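The next block holds one structure in the form of C-alpha cells; read it before the comments.
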Amino acid sequence: MSSNNVEEKVNHASNSKGISLPMTRVKLIMKSSPDVSSINQEALLLTTKATELFVQHLALSSFNNGSGKDQTLLYSDLANTVEEKETFQFLTDILPKKILVRDYLKLLEENPIEEADN
C-alpha cells in the first residue's frame, strides 16, 4: 500500500459526513470538566469531528515518518512523531518514548534526583 493510497483513504474518510468516534464517549469526556454544565448538540458534533480529524492527522504523520515495517503503525512511530514535530509536542507526556529499565537506571545514576525536603 503506497503512501498516496493511504492519504486518499484518509481524505475520503475525513470528507464523509459520518463520524466513527462514539459521541457519547466524547460527551462524557467533555462533561468531566468542572467548567462544563451543558453541551450543545452542535458543539458535540463539531468537537467529535475535530477529534477524529486530529487523530487521523497524527496517525498519517506518524505513518509517513514511521519505520515502514509491514505497513503497520507502531507506538514508536507515534512517539517519534510527537517528539520530532513541533505541532505535536504538547503530547509528549501522553506518548513518551519507551525506554528500557536498564537505560532508565543509567539515567538516574548520571542525573540523581534530589529528594524534596519534608
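A compact table of results
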| item | result |
| --- | --- |
| Any hit, the stretch 72-83, residues being at pLDDT below 90, of a type in the set (A, V, I, L, M, F, W, C) and within 30 Å of R25 (Cα to Cα) | yes |
| Qualifying position, being without any contact (Cβ under 8 Å) to a residue 24 or more places away in the chain and not polar (S, T, N, Q), among L73, L53, L60, L45 | L73 |
| Odd one out for L95 among (1) in a helix (DSSP H, G or I); (2) of a type in the set (A, V, I, L, M); (3) surrounded by 11 or more Cβ atoms within 10 Å (Cβ to Cβ) | (1) |
| Positions within the stretch 14-56 being assigned to a loop (DSSP other than H, G, I, E, B) and in contact with a Leu (Cβ under 8 Å, 6 or more places away or on another chain), in sequence order | I19 |
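The values are calculated or read from the model by the stated rules, or taken from the named source; none is laboratory data. Not measured: the values here are computed from a predicted model. With ideal geometry, Cβ positions are generated from the backbone for all residues, glycine too; neighbour counts draw on all protein chains shown.
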